[in-house]
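Here the structure is laid out as structure tokens; the discussion comes afterwards.
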Amino acid sequence: MARRSTRAPQPADDFEENIQDVDVVDEMRSSYLEYSYSVIYARALPDARDGLKPVHRRILYQMGQMGLRPDRPHVKSARVVGEVMGRLHPHGDTAIYDALVRLAQPFSMRLPVVDGHGNFGSLGNDDPPAQMRYTEARLAPAALLMNESIDEDTVPFEPNYDGSENEPEVLPAAYPNLLVNGVSGIAVGMATNMAPHNLGEVVAAARHLIKHPNADLETLMKHVPGPDLPTGGRIVGLGGVRDAYETGRGTFKIRATCSIENVTPRRKGIVITELPYNIGPEKVITKIKDLVGQKKLQGIADLKDLTDRSHGLRLVIEVKNGINPEALLEQLYRLTPLEETFGINNVALVDGQPLTLGLKELLQVYIDHRFEVVRRRSEFRRTKRADRLHLVEGLLTALIDIDEVIALIRGSENAAQAKQRLMERFGLTDVQTQYILDTPLRRLTQYDRIELESEQDQLRKEIAELTAILDSDELLRKTVSDELAAVSKKFATPRRTELVEVAAGAPVATAGPLEVADNPCRVLLSSTGLLARTANGEGFDEDPSAGPGKRAKHDVIVSAVPSTTRGQIGVVTSEGRLLRLDVVDLPELPEPASGAKAGRPTLAGGAPVSEFLELHSDEAVLALTTLDESSPGLALGTLQGVVKRVVPEWPSNKDEFEIIALKDGDRVVGAVELRTGEEDLVFITDEAQLLRYPASQVRPQGKPAAGMAGIKLADGIQVLSFTALDPSRDGLVVTVAGSRGTLSGTGFGTVKATPFDQYPRKGRATAGVRCQRFLRGEDCLVAAWAVASPARAATANGTPVELPEIDPRRDGSGSAVKREFTIVAGAV
């Protein structure tokens, strides 16, 4: 194997050494300036006329050359990128595709110019776009306006990077794209960041400036009050917007669009439907979770992203009960991307120079561009029509004496002689003569002559109109204004971003403390199992004159206890359990409207007990109780006649515990919190026996105790009702008789209402006295209640029912039931 030589190659004999010494500082300066120039003019900054960077302009132009119109099928994005890169933009395909993606994103562009098919990314780039080999694209209808009349010499063209093709220096741009869609870019030593605006507003301002060239900024801002972002939201404070419109630089705050709603029956929530510009939901969710984990943000129970294609963006932040949602929302604005600052920096190229422009300057540059476009287009069209008119006039001249024309042609030796003889005979130009010779004989008919004369008249009319536009500055302005109006009528959409003015120096409004104040309230339990709390701790209006016809559903309150908003109460169940319940978790009933008639509160805004407590099967809630250990305690009565007074010593480390030891088959049928200890305990059995005796006859016991005998029962007899009544107040005993087969509460027989004071006190563990005499077909009571007056009855769904007239005979028989009911409740 031959050995490779390691000697350096020797220069040729005629090689002439030419080494130049260059100062490295000068070389770096010149190289950096060239690089800066390239970045500023060929990449980062848009042209103020069409609002496009070179890459965006080349994409739209090349897609137009490819025929990718809105009425044509989509093509692979990779094909578009390849055509643009190979013909016009000799840079990486990633940069071209990223630019194409932005042009197709409705959340980035106020008026998208590319119709994308596939995954073109999501708001905030939470979900990046798919690769170009998967997505497809074509021009959107708005892009046709950008390329409109580009083939009519409306804009200058320049060679592409290798001189093989030509590309436009600027697009005709039939609408102010720079203001409508905005742009952002970072160059060397400068940057641009322009906000999108509403097309209809920008066009209105441009038309006003066309008509009134000396219009001031205040007048223009009546048409363009502020940016209109694709993602909506709210712009808070317009001082920075005005600064940007005046000087080209300014900042303003963008807030998400939020509302406070009842997201569950028991909780309020903050619902976010619009986010600040370029902010995605994932960024917001991540930030909120981080702040909650760091305990810098409190009061959030849950965070859900319910965004879908049908309803759009929807983030739901569930607020813990006891937390002021308005105050929490203010914290979210301050700590999360729900409020962002947008800095306007209107830097764009004007005549090749980067300038910072205000609103009027931006509009004026665009208007001047449209004047030039319409002027060049009119000149092009007039030239085309003049050329055509020249041909038509020559053909008409030939048609006047067509026989002689044909004879001249037939008598000529060749085409050149025929052409020369026609020019000499009829005074035609070379172009006219050639056109006559090229015209088929079939067109030289009388009908074609009429068409040519009509075309001649039309061409002369159009040439006159185009000449008028070129000769009249006023008509040129009107033409540009009318074309802008047509664009606005077709493409303008309603404003999406709300503008909120904040006076300079005005104090920032606060939403109050984060946590709900610990105000007095009352907790209510309805007959249908709904829980709620009142807005204050005042009592209820027990005026019986309200009458059944004045009451709403769910207004039969079976238990009520005083508490505070951030306090706790106890819930007593039929299994002898007491469960703690945080009052703040309960929905708050709205206060009565001003001027509304006072009456018993309604629980129509309450929530079911099952939403707050986990109950066993067949376990029912009987009553509410305070957890005040200074009270006389609870009184319980069971199905088997056991009574118990529970010592109010509640363990602080347990949320639920037993307060009575029940025998097999037994359950609690009634529970009431004693307020004075002087109440009378009342048992009513299904045998129609009522026993009343002072609560003082029952010795208080601890939680594990099983109680003592409360009423003497015969075999097969059960307790229907147990309660405690204040003997100093009026009370009412309501009993319903029926048969043993109707103990479920249906098939009522007769009903009887008797004053409570008609029943004498007896000793504990005795049988009591009769409270209703049975009629034929009746052998038991199917329901019974002893309540404080006034009493109210209701059906299972809460519909009020009128009670019968009071019968003073304690052992008399009842009267027929007009309407069945399931509950009777008195003053609580």
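Nothing in this text is a laboratory measurement; each read-out follows from the coordinates by a stated rule. Treat the numbers as computed from the prediction; the structure is a model and nothing was measured. Because the Cβ atoms are built from the backbone with ideal geometry, glycine has one as well, and the counts that use them run over all protein chains shown.
If we sort 402-415, 575-588, 810-823 on the protection proxy, mean other Cβ atoms within 10 Å, highest first, what's the order?
Highest mean packing first, the order is 575-588, 810-823, 402-415.
The value given for the range 145-255 is a Kirkwood hydrodynamic radius of 16.4 Å, derived from the mean inverse Cα-Cα separation. Within straight-line reach of residue 490, meaning a Cα separation under 21 Å, sit the following lysines at least 8 residues removed in sequence or on another chain: 478. Normalised by the number of residues in the range 257-337, the mean separation of alpha-carbon contacts (under 8 Å, six or more apart) gives a relative contact order of 35 percent.
Extension gain for residue 708-residue 214 works out to 168.0 nm (0.36 nm per residue, less the C-alpha to C-alpha distance). Working from label points 7 Å from Cα in the Cα-to-Cβ sense, the residue 351 to residue 776 distance is 11.7 nm. In order along the range 144-150, phi translates into HN-Hα couplings of 5, 5, 5, 9, 4, 6, 5 Hz, rounded to whole numbers, per the Karplus curve 6.51 cos²θ - 1.76 cosθ + 1.60 with θ = phi - 60° and x for Gly and Pro.
Other residues whose C-beta falls under 14 angstrom from the C-beta of residue 382 contribute a net charge of +2, scoring Lys and Arg +1 and Asp and Glu -1. Translational diffusion of the range 52-172, estimated by Stokes-Einstein from the Kirkwood radius over alpha carbon pairs at 4 °C in a medium of 1.567 mPa s, is 90 µm² per second. The 3J(HN,Hα) values that the Karplus relation (6.51, -1.76, 1.60; θ = phi - 60°) gives for the range 154-167 are, in residue order, 7, 9, x, 10, 9, x, 6, 4, 10, x, 7, 9, 10, 9 Hz. Gly and Pro appear as x.
Which aspartates and glutamates, if any, have their Cα less than 16 Å from the Cα of residue 703, not counting same-chain residues under 8 positions apart? Filter leaves 575, 628, 629, 649, 655, 656, 658, 673.
Distances between every pair of Cα atoms in the range 606-749, grouped in 10 Å steps from 0 to the bin holding the largest one, split as 10, 38, 35, 16, 1 percent. Taking a quarter of the surface of the Cα convex hull of the range 257-337 gives a mean projected area of 5.2 nm². About its Cα centre, the chain has a charge dipole of approximately 3240 debye under the convention of +1 per Lys or Arg Cβ and -1 per Asp or Glu Cβ, with nothing else charged. In a fully extended conformation the segment linking residue 153 and residue 409 would gain 88.3 nm over its present Cα-Cα distance, using 0.36 nm per residue.
The value of relative contact order for the chain, using C-alpha pairs under 8 Å at least six residues apart, is 9 percent. When each of the peptides 470-476, 61-67, 556-562, 755-761 is scored by the mean number of other C-beta atoms lying within 10 Å of its residues, the order from highest to lowest reads 556-562, 61-67, 755-761, 470-476. Mean separation of Cα pairs under 8 Å and 6 or more residues apart, divided by the residue count, gives the range 52-172 a relative contact order of 28 percent. Between amide H atoms placed 1.01 Å from N, distances below 5 Å from residue 559 occur with 525, all of them 5 or more places distant or on a separate chain. Estimated from helical segments only, the mean residue ellipticity of the chain at 222 nm is -9000 deg cm²/dmol, where each DSSP H run of four or more residues counts as -39500 (n - 2.57).
Among the helices of the chain, those built from whole DSSP H runs whose Cα atoms reach 20 Å or more along their own axis and whose mean Kyte-Doolittle hydropathy is at least -0.5 are 24-39, 359-400, 473-491. Peptide packing for 278-285, 607-614, 170-177, 360-367 was compared via the average number of neighbouring C-beta atoms within 10 Å per residue; ordered from the highest value, the list is 170-177, 360-367, 278-285, 607-614. If both residues of a DSSP beta bridge must be in the chain, then about 95% of such bridges are antiparallel.
Against the empirical 2.2 N^0.38 Å (N residues), the range 363-491 has a Cα radius of gyration ratio of 1.47. For the set 752/818; 384/461; 283/320; 222/360; 384/489; 53/283, the pairs lying more than 19 angstrom apart at their alpha carbons are 283/320; 384/489; 53/283. Label zone (residue 286, point 7 Å along Cα-to-C-beta; backbone nitrogen cut-off 15 Å) within the range 325-342: 336-338.
Phi angles across the range 628-636 convert, under the Karplus curve 6.51 cos²θ - 1.76 cosθ + 1.60 with θ = phi - 60°, into 3J(HN,Hα) values of 6, 7, 8, 7, x, x, 9, 10, 10 Hz, Gly and Pro given as x.
Backbone amide hydrogens, once placed in the peptide plane, bring residue 779 within less than 5 Å of 738, 739, 740, excluding anything fewer than 5 places away on its chain.
Taking one quarter of the surface of the convex hull spanned by the alpha-carbon atoms of the chain gives a direction-averaged projected area of 71.0 nm². Annotation: amide H-H contacts under 5 Å for residue 567 (H modelled 1.01 Å from N, sequence separation of 5 or more, or interchain): 583, 584.
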